[in-house]
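Each reported figure results from applying straightforward, stated rules to the coordinates on display, with no laboratory input. All of these numbers come straight from a predicted model, not from anything done at the bench. Here Cβ is always computed from backbone atoms with ideal geometry, including for glycine, and neighbour counts include all displayed protein chains.
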Amino acid sequence: MTDGQVLPGEGGSAGYGRVASEGVDTSHGPILYLEDITVSFDGFRALNKLTLTIDEGELRCIIGPNGAGKTTMMDVITGKTRADAGSVFFGQSIDLSRLSEAQIAQAGIGRKFQKPTVFENHTVFENLELAMKTDKTVRASLQAKLGAQQLERIGRTLDLIQLSEQAGKMAGLLSHGQKQWLEIGMLLMQEPKLVLLDEPVAGMTDEETERTADLLKNLAGEHSVVVVEHDMEFIARIANIVTVLHEGSVLAEGTLDQLKANERVIEVYLGR
Ligand code: ADP
Ligand code: MG
């Protein structure tokens, strides 16, 4: 490993700063690689030798019962929780265990939490604009002039999250589902290579859930996406490869059809 590759995005600010993710080397395979990750809380193993590989451009679904370790896995990837053992690599050469949460975001890993954290008193457009800016003070960001390229990026993101018609609307007036899409859009303005979504359709209507499925399918390819979700209809809409976590390890991995025929998966998660 060369130290020069550890901090590819150095120079911008953390959080909503711009991300230079070109430093991620995926030329020899996966974008994310977890090997034998163990996390213990007071002796209880939330993750138990978890090994998982995500390919570049992939849309991977993670399912599993409550307490299986899904959120803890995302915490380890984003640096919120440190593994007691095992390794976690972003591309070939970025050892995430050596980076802070801010540096991991900077390196090109974006995470969306369940509760939307949009700026309610700003428009949809301004929210995307703020997400793109390095200077995090709202006033400084909104006073800076946008370049043509930046305007185009905001426009493309508005299309992708299907909020073009709401661009001038205050974010606080959006529906729950629309706020979630806006937050995904804000994440995308940072140009992450890998996007982590924990239960993105929780609380959404059926129609919003369907539209979120379309959105995520459109993200894959350009981004690698890892989605944790309980909604099996949603999973069925977007799934290629699905990983089942159970007691902190991978119980099974495969297409949804393969998993539906797997006795162990039926027993611990899908039910009869
Ligand atoms: P999931 O997201 O699959 O429902 P979690 O990763 O949230 O599961 O939790 C896995 C297990 O680890 C659970 O038993 C949970 O209670 C435990 N756990 C998670 N975070 C902590 C923590 N900070 N302290 C103690 N136990 C935790
Ligand atoms: Mg969870």
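Of note:
- Close amide-amide hydrogen proximity is noted between residue 32 and 54, 91, each under 5 Å apart and 5 or more residues distant or on a separate chain (H modeled in the peptide plane; Pro and chain starts excluded).
- Converting phi to 3J(HN,Hα) with the Karplus coefficients 6.51, -1.76 and 1.60 and the offset θ = phi - 60°, the range 230-237 yields 9, 6, 5, 5, 5, 4, 4, 5 Hz in sequence order, with x at every glycine or proline.
- Taking a ≥ b ≥ c as the square roots of the eigenvalues of the Cα gyration tensor, the range 182-248 is oblate, since a/c reaches 1.5 or more and a/b is not larger than b/c.
- Rounded to the nearest 20, the Cβ-based charge dipole of the chain about its Cα centre (Lys and Arg +1, Asp and Glu -1) stands at 560 debye.
- The range 45-199 shape via C-alpha gyration tensor axes, a/c threshold 1.5: prolate
- Shape category assigned to the chain from the gyration tensor of Cα positions, a/c cut at 1.5: oblate
- Calculated log₁₀ intensity ratio I(q)/I(0) where the Debye formula runs over C-alpha points of the range 136-272, q = 0.11 Å⁻¹: -0.50
- Farthest towards the positive end of the charge dipole of the chain, among the residues 219, 173, 200, is the Cα of 173, using unit charges on the Cβ of Lys, Arg, Asp and Glu.
- Taken about its Cα centre, the range 153-272 carries a charge dipole of about 320 debye when Lys and Arg each add +1 at the Cβ and Asp and Glu each add -1 at the Cβ.
- Label-to-label distance, nm, for residues given as residue 170 and residue 233 (7 Å Cα→Cβ offset): 3.3
- Comparing 243, 33, 160 along the charge dipole axis of the chain, the residue lying farthest to the positive side is 160, per the Cβ-charge model.
- In the chain, helices alone account for a calculated mean residue ellipticity at 222 nm of -8500 deg cm²/dmol, with every DSSP H run of four or more residues adding -39,500 (n - 2.57).
- Between 0 and 90°, nearest 10: helix 176-188 axis offset from the chain longest Cα axis: 80
- q = 0.14, 0.15, 0.18 Å⁻¹: log10 I(q)/I(0) that the Debye formula gives for the range 217-271, counting C-alpha atoms only: -0.38, -0.44, -0.62
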